[in-house]
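Worksheet: the structure to be examined is printed underneath.
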Amino acid sequence: MQALTDAEFVVVQRFAQMMSEKIAGVGVVLLLGLGLGNWRNLALLLVNLPFALVGGVLAVAVSGWLDPAAGRLSIGTLVGFVTLFGITTRNSIMMVSHFEHLVREEREPWGPPTAYRGATERVVPILMTAVVTALGLLPLALGSGQAGREIEGPMAIVILGGLVTSTALNLLVLPTLALRWGTFERPADETT
């Protein structure tokens with residue numbers, strides 16, 4: 001058996017890393033799907049991720065932390081995107097699970113009044129998450145040019161930018177999408 005050259009070893013190592021990342025991503029999606037029990041509602045959660053991505057990318061572009069010469073993001077921005085996706089997913093889960101609660105537990109028929117009620121009842125928790133996170137990250141974002149903040153600053157900027165778009169769109173667009181494509185029904189044994 002022939003030993004790998006350094007270049008071949010790097011290619012194999014990158015492939016293994018890429019595959020493990022894909023397996024982890026598929027695992028997270030499967031766990032969310034099993035937790036929700038409905039693949040259409042899982043799609044509603046996943047639709048919210050681009051909302052966050054738009055704000056994060058805009059914030060990085062405006063702040064100058066994107067390195068156009070290298071064509072890549074810093075480690076801080078990547079950590080920021082992962083954190084942002086977690087916060088966004090949590091807010092989406094809060095909204096979708098509240099819709100399910102209204103239909104299953106409070107026996108509301110699924111329709112525009114229930115979607116409106118669910119969205120208005122989740123405004124405060126979602127806004128509090130966004131505001132408290134923003135207040136905590138604002139000093140890091142404002143001091144992002146200082147020495148020693150090469151990772152924290154870009155991370156905070158990404159999270160702040162993504163929070164603005166994902167929070168607004170989560171409260172305004174997600175209920176509309178849930179009305180069109182969401183599936184919220186009482187269990188079969190409780191419909192009578």
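Being under 27 Å from Leu138 (Cβ atoms), touching a Phe, Trp or Tyr at 6+ places or on another chain (Cβ under 6 Å) and small (Gly, Ala, Ser) narrows it down to one of Gly56, Gly86, so name that one.
Details: Gly86 fails: touching a Phe, Trp or Tyr at 6+ places or on another chain (Cβ under 6 Å).
Going through Gly56, Gly86 in turn, just one is under 27 Å from Leu138 (Cβ atoms), touching a Phe, Trp or Tyr at 6+ places or on another chain (Cβ under 6 Å) and small (Gly, Ala, Ser): Gly56.
Before we move on, is Thr133 in the same structural domain as Ser74 (by TED's automatic domain parsing), assigned to a helix (DSSP H, G or I) and closer than 19 Å to Phe99 by Cα? I'd like the intermediate steps shown before the answer.
Numbers: in the same structural domain as Ser74 (by TED's automatic domain parsing): yes; assigned to a helix (DSSP H, G or I): yes; closer than 19 Å to Phe99 by Cα: no.
The answer is no for Thr133.
Keeping to region 1-52, report how many residues are of a type in the set (Ser, Thr, Tyr) and either in contact with a Cys (Cβ under 8 Å, 6 or more places away or on another chain) or over 30 Å from Ser92 (Cβ atoms) (or both).
Kept after step one, since they are of a type in the set (Ser, Thr, Tyr), are these residues of region 1-52: 5, 20.
Next cut, either in contact with a Cys (Cβ under 8 Å, 6 or more places away or on another chain) or over 30 Å from Ser92 (Cβ atoms) (or both) only: 5.
Here the count works out to 1.
Take Thr165 and tell me if it is among the polar types (S, T, N, Q), out of contact with any Leu (no Cβ under 6 Å at 6 or more places or on another chain) and under 30 Å from Ser63 (Cα atoms). Quick ask: steps written out before the conclusion?
Details: among the polar types (S, T, N, Q): yes; out of contact with any Leu (no Cβ under 6 Å at 6 or more places or on another chain): yes; under 30 Å from Ser63 (Cα atoms): yes.
So Thr165 fits the description; yes.
Condition check ((1) within 30 Å of Pro154 (Cβ to Cβ); (2) assigned to a helix (DSSP H, G or I); (3) at pLDDT 80 or above) across all residues:
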{"site": "Gln2", "(1), (2), (3)": "no, no, no"}
{"site": "Ala7", "(1), (2), (3)": "no, yes, no"}
{"site": "Arg14", "(1), (2), (3)": "yes, yes, yes"}
{"site": "Gly25", "(1), (2), (3)": "yes, yes, yes"}
{"site": "Leu30", "(1), (2), (3)": "no, yes, yes"}
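With the condition kept exactly as written, say whether any residue in region 90-104 is closer than 23 Å to Pro187 by Cα, surrounded by fewer than 12 Cβ atoms within 10 Å (Cβ to Cβ) and modelled with pLDDT of 90 or more. Even if it seems obvious, please write down each step before you answer.
The initial filter retains those residues of region 90-104 that are closer than 23 Å to Pro187 by Cα, namely 92-104.
Then drop every residue that is not surrounded by fewer than 12 Cβ atoms within 10 Å (Cβ to Cβ), which leaves none.
The answer is no; no qualifying residue exists.
I need a count of the residues in region 145-163 that are buried (at least 24 other Cβ atoms within 10 Å of the Cβ) and touching a Gly at 6+ places or on another chain (Cβ under 6 Å).
Of the residues in that region, 6 qualify.
Test Ala156 against the criterion of being part of a helix (DSSP H, G or I), of a type in the set (A, V, I, L, M, F, W, C) and within 18 Å of Leu46 (Cβ to Cβ), and give yes or no.
On the way: part of a helix (DSSP H, G or I): yes; of a type in the set (A, V, I, L, M, F, W, C): yes; within 18 Å of Leu46 (Cβ to Cβ): no.
In short, no.
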Conditions (1) in contact with a helix residue (DSSP H, G or I) (Cβ under 8 Å, 6 or more places away or on another chain); (2) closer than 21 Å to Val96 by Cβ; (3) aliphatic (A, V, I, L, M); number of the one not met by Met128: (1)
Of the residues in region 1-58, how many are out of contact with any Ser or Thr (no Cβ under 7 Å at 6 or more places or on another chain), β-branched (Val, Ile, Thr) and surrounded by 15 or more Cβ atoms within 10 Å (Cβ to Cβ)? 2
Report whether or not Ile93 is under 16 Å from the mean Cα position of the chain (by Cα) and among the aliphatic types (A, V, I, L, M). yes
Could you give me the residue pairs with C-beta distances under 6 Å whose first residue belongs to region 148-177 and is farther than 18 Å from Pro50 by Cα, whose second residue is outside any helix (DSSP H, G or I) and modelled with pLDDT under 90 wherever it lies, and which are 6+ apart or on separate chains? Arg149/Gly143; Gly153/Ser144; Pro154/Trp65; Pro154/Ser74
Testing Arg180 on (1) more than 28 Å from Val103 (Cα to Cα); (2) free of Cβ contacts under 8 Å to residues at least 24 places away in the same chain; (3) assigned to a helix (DSSP H, G or I), one condition comes back false. Which one is that? (1)
Within region 72-84, does at least one residue satisfy the condition of being in a helix (DSSP H, G or I), at pLDDT 90 or above, of a type in the set (Phe, Trp, Tyr) and surrounded by 15 or more Cβ atoms within 10 Å (Cβ to Cβ)? yes
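The values are calculated or read from the model by the stated rules, or taken from the named source; none is laboratory data. Only a predicted model underlies this, so the values are computations on that prediction, with no experimental measurement involved. Heads up, the Cβs are rebuilt from the backbone with ideal geometry, glycines too, and the neighbour counts pull from every protein chain shown.
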